[in-house]
Amino acid sequence: MSILILAEHDGKHIKQSTRQAVTAASAWQLPVHLLVVGAQSGVIAQQAAEVTGVTKVLHADAAQFEHPLAEDVSALLTQLGRDYTVILSAHTAFSKSVLPRVAAVLDVAMVSDVISITAPATYVRPIYAGNVLSTVESSDAIQVVTIRATSFAVPANGNSAEVVTVAAPAASGLSRWIKEDKNVSDRPELSSARVVVSGGRSLGERFDELLEPLAHKFGGALGATRACVDAGFAPNDIQVGQTGTIVAPELYFAIGISGAMQHLAGMKDSKIIVAINHDADAPIFQHADYGLVANLFDVVPELTAALNN
Amino acid sequence: MKVLVAVKHVVDYNIKPRVKPDGSDVDIAGVKMGINPFDEIAVEEAIRLKERGVATEVIAVTIGKANSQDTLRHALAMGVDKAVLIQTDVEVQPLAVAKLLKSVIEREQPQLIILGKQAIDDDLGQTGQMLAALINAGQGTFASIIEVKAGEIEVTREIDGGTDVVALKLPAVVTTDLRLNEPRFIKLPNLMMAKKKPIETINAADLGLDINPRLKQLKAADPEPRKPGIKVANVAELVEKLRLAEVL
């Protein structure tokens, strides 16, 4: 009767979303084990042991986990997971790839993108791009769940859980990692940034020129609409929305964004939303705490300058 | 190489769904339906592989009620060679869909299976990965580029903070992301012709699989609305408000 959380890290740090999954796990009031997979990842296992709420760290260190493949991680998680009540992780690209494989092999359902756990097997999750909240109950003996990290608090550090080594099964050979191309930026990670400055297609070629300085003022992250990304004005990985990244920062700037349903799905849980748009009838204003109807090419630099003082 | 694509019949993406007055579910009676947009990308990719001479045959499969045929007609009009409906009135959840697809895959033996990364109704995003696990295949989730090489495929994936590339042994499962391609516009004559093409119907119950739903929906509800905001007149007032809200 314990919970097994699949941890995620970048080789240096455990992800904030993994910590938030530990908070989510507290709903069950059961021992929480954190599984760290990696190569030369002792540092990560130590960090995992320090997260308040973690009872034990399972550390699988193997060469094939330098770039962990879903096929290999799921094989390990399936093998370990049979003894657990709950297999949990944050709803990230990594876990979204791994956990369904585990659920399928264990022949149990999976509950994705949970925003609230209301009973040991009852969950609230958004459907239809967040237009509806669905409460579902799972009847399976092992619960496989991913949580929306932004819906759960970040736990403190100051723990020293036991770390035990677990053996990894041999690599499956079904897939092979070739390369990755991560956008190197000194900005915080979009999904966990305190401030997000997002722009729509109307910014055009001036997307970076206008929004970078504003984001810089807050040490915030940049976001964009799908239309803006599709038009090539912003990179794919900063798309905010139903099918992109879901954010819920303290402060969200929607600049030149009309407010399509699919975009709202990715940001409407932000604490404070500021909308700047020249169109007074844009739907985004119905969701904004503070709306400014103005030409964004004038007021964005003005706002950036005003924040200097 | 045979390619199989899985398609789902869903509420049109432009429609804002309404919850039934008793809060039991979303009311989709009489609502405009269509192919799940990510699945349309999957169909497009398969057809492009055929047009390039890489794929020899493209099969589209859907699972659901009789009206799911409309989505198969859409796939036929785009250019798939064969359409299969696994018919059931049971609410099929991802695990059940993966099991049903597996049975068709065992019969058809495709080398590549392409699915949307998620359906825009339940937003679960599980079926492709579950299917890959059940047929013990490699997977390329959130694909933005698919390249077929000798005996394997290379998939560029959209991951948090960038992209990565994985090579998969065949047969393999790929789930599509938005930027894999832009699906073609269907011409009216193609749509008319697709109406005459045959659709193979399999009764899901005849396959002898456990497809009962494991998740029970207890309630569907509208999200809590945000409290109404205000319009500010200028930048100075905006900065003032943000100061008062203590977010600066």
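Please state the relative contact order of segment B:106-248 as a whole percent: Cα pairs under 8 Å, 6+ residues apart?
Numbers: 152 pairs, mean separation 27.8, N = 143.
19 percent.
Probe radius 1.4 Å, ligands and nucleic acids left out: can you give me the accessible area buried at the A-B interface, summed over both chains, in Å² to the nearest hundred?
On the way: alone 14870 and 14500 Å², together 22790 Å².
That pair hides around 6600 Å² of surface in total.
Stick to the Cα atoms of chain A, pair each with every other, and give me the Kirkwood hydrodynamic radius in Å at one decimal.
Numbers: mean 1/r = 0.0486 Å⁻¹.
Every distinct Cα pair counted, the radius reaches 20.6 Å.
Can you tell which of B:M130, B:M78, B:M192 shows the greatest fluctuation in a Gaussian network model of chain B with Cα springs below 10 Å?
Largest GNM mean-square fluctuation: B:M192.
Obtain the nm distance between the two label points defined at B:I230 and B:E106 by a simple spin-label model: each point lies 7 Å from its Cα along the Cα-to-C-beta direction.
Inter-label distance under the simple model: 6.6 nm.
Rounded to the nearest 0.05, what FRET efficiency is calculated for B:S24 and A:A305 with R0 set to 41 Å and r the Cβ-Cβ distance?
On the way: r = 53 Å, r/R0 = 1.30.
For R0 = 41 Å, the calculated efficiency reads 0.15.
Once neighbouring chains are kept in place and the probe is 1.4 Å, which whole percent of the accessible area of segment A:3-165 is contributed by carbon and sulfur? Don't jump to the answer; show the numbers that get you there.
Working: 2690 of 5380 Å².
Carbon and sulfur together cover 50 percent of it.
Largest first, what is the accessible-area ranking of A:H287, A:H216 with a 1.4 Å probe?
Values: A:H287 50, A:H216 125 Å².
I get A:H216, A:H287, largest accessible area first.
How much of the calculated P(r) for segment A:190-308 lies past 23 Å, in percent of all Cα pairs? Intermediate values should be presented prior to the final figure.
Details: 1104 of 7021 pairs.
Counting pairs separated by more than 23 Å, the tail of P(r) holds 16 percent.
Provide the FRET efficiency to the nearest 0.05 for the A:A170-B:F185 pair, computing r from the beta carbons and using R0 = 45 Å. Intermediate values should be presented prior to the final figure.
Numbers: r = 48 Å, r/R0 = 1.07.
Rounded to the nearest 0.05, the efficiency is 0.40.
List, largest first, the extents of the alpha carbons of chain B along their principal axes, each in whole Å.
Result for chain B: principal-axis Cα extents of 65, 44, 40 Å.
With contacts defined as alpha carbon pairs under 8 Å and 6 or more residues apart, what's the relative contact order of segment A:190-308 in percent? Intermediate values should be presented prior to the final figure.
Numbers: 256 pairs, mean separation 29.7, N = 119.
That works out to 25 percent.
Please report the antiparallel percentage of the DSSP beta bridges confined to segment A:19-165, to the nearest 5. Please report the intermediate quantities before stating the final value.
On the way: 10 of 28 bridges.
Around 35 percent of the beta bridges assigned by DSSP in segment A:19-165 are antiparallel ones.
Could you tell me the relative contact order of chain A? Use alpha-carbon pairs under 8 Å, at least six residues apart, and round to a whole percent.
Details: 662 pairs, mean separation 44.8, N = 309.
Reported as a whole number, the value is 14 percent.
In square nanometres and to one decimal, what's the mean projected area of the convex hull around the Cα atoms of segment A:3-165? Spell out each step's value before the answer.
Details: hull surface 34.4 nm².
In nm², the orientation-averaged hull projection of segment A:3-165 is 8.6.
For segment B:152-247, which trypsin sites (Lys or Arg not before Pro) pass both filters: DSSP loop (anything but H, G, I, E, B) and at most 12 other C-beta atoms within 10 Å?
Numbers: sites: B:R157, B:K169, B:R179, B:R184, B:K187, B:K195, B:K196, B:R214, B:K216, B:K219, B:R226, B:K231, B:K241, B:R243; in loops: B:R184, B:K187, B:R214, B:R226.
Here the trypsin sites (Lys or Arg not before Pro) that fit, given the DSSP loop and packing criteria, are B:K187.
For segment A:1-74, what does the convex hull of the Cα positions come to per residue, in cubic angstrom?
On the way: hull volume 6.1 nm³, N = 74.
Measuring per residue, one finds 83 Å³ for the Cα hull of segment A:1-74.
Given the pairs A:K217/B:K16; A:K15/B:K231; B:K32/B:K195, which are separated by over 28 angstrom at their Cα positions? Intermediate values should be presented prior to the final figure.
Numbers: A:K217/B:K16 36 Å; A:K15/B:K231 37 Å; B:K32/B:K195 19 Å.
From A:K217/B:K16; A:K15/B:K231; B:K32/B:K195, over 28 Å: A:K217/B:K16; A:K15/B:K231.
Considering only A:Q79, A:Q143, A:Q29, give the residue with the highest GNM mean-square fluctuation for chain A, with springs between Cα atoms whenever their separation is below 10 Å.
Largest GNM mean-square fluctuation: A:Q29.
Report the accessible area of A:L58, computed with a 1.4 Å probe over the heavy atoms of all protein chains in place, in Å² rounded to the nearest 10.
10 Å²
Which one, A:A221, A:A149, A:A93, has the greatest fluctuation when you compute a Gaussian network model over chain A with C-alpha springs under 10 angstrom?
Largest GNM mean-square fluctuation: A:A93.
Using only helices, what value at 222 nm comes out for the protein assembly as shown when you add -39,500 (n - 2.57) per DSSP H run of length 4 or more and divide by the total residues, to the nearest 500 deg cm²/dmol?
On the way: 14 runs with 144 residues, N = 557.
Estimated from H runs of four or more residues: -7500 deg cm²/dmol.
How are the C-alpha pair distances of segment B:79-133 spread across 10 Å bins, as whole percents from the shortest bin up?
Calculated over all Cα pairs of segment B:79-133, the distribution is 20, 55, 25 percent.
I want to verify the translational diffusion coefficient of segment B:1-98 in µm²/s; compute it with Stokes-Einstein, Rh as the Kirkwood radius over Cα pairs, at 20 °C and 1.002 mPa s. Could the numbers behind the result be given before it?
Values: Rh = 14.4 Å.
Calculated translational D: 149 µm²/s.
Translational D (Stokes-Einstein, µm²/s) of the protein assembly as shown at 20 °C and 1.002 mPa s when Rh comes from the Kirkwood sum over C-alpha pairs? Walk me through the numbers before you get to the answer.
Working: Rh = 24.3 Å.
The calculation lands on 88 µm²/s.
Rounded if a/c is under 1.5, else prolate if a/b beats b/c, else oblate: with a ≥ b ≥ c from the C-alpha gyration tensor eigenvalues square-rooted, which is segment B:95-214? Don't skip to the answer; put the middle values down first.
Numbers: a/c = 1.55, a/b = 1.16, b/c = 1.34.
Judged from the Cα gyration tensor, segment B:95-214 comes out oblate (a/c at least 1.5, b/c at or above a/b).
May I ask you to list the residues of segment B:69-97 whose amide nitrogen lies under 14 Å from a point 7 Å from Cα along the Cα→beta-carbon direction of B:K195?
Residues B:70, B:73-74, B:77 fall inside that zone.
The values are calculated or read from the model by the stated rules, or taken from the named source; none is laboratory data. Predicted model, so just to flag it, every value in this text is computed and none were measured. All Cβ positions, glycine included, derive from the backbone under ideal geometry; neighbour counts span all protein chains shown. The area values use the complete protein model at the heavy-atom level, side chains included, leaving out ligands, DNA and RNA. Shrake-Rupley method; radii C 1.70, N 1.55, O 1.52, S 1.80 Å.
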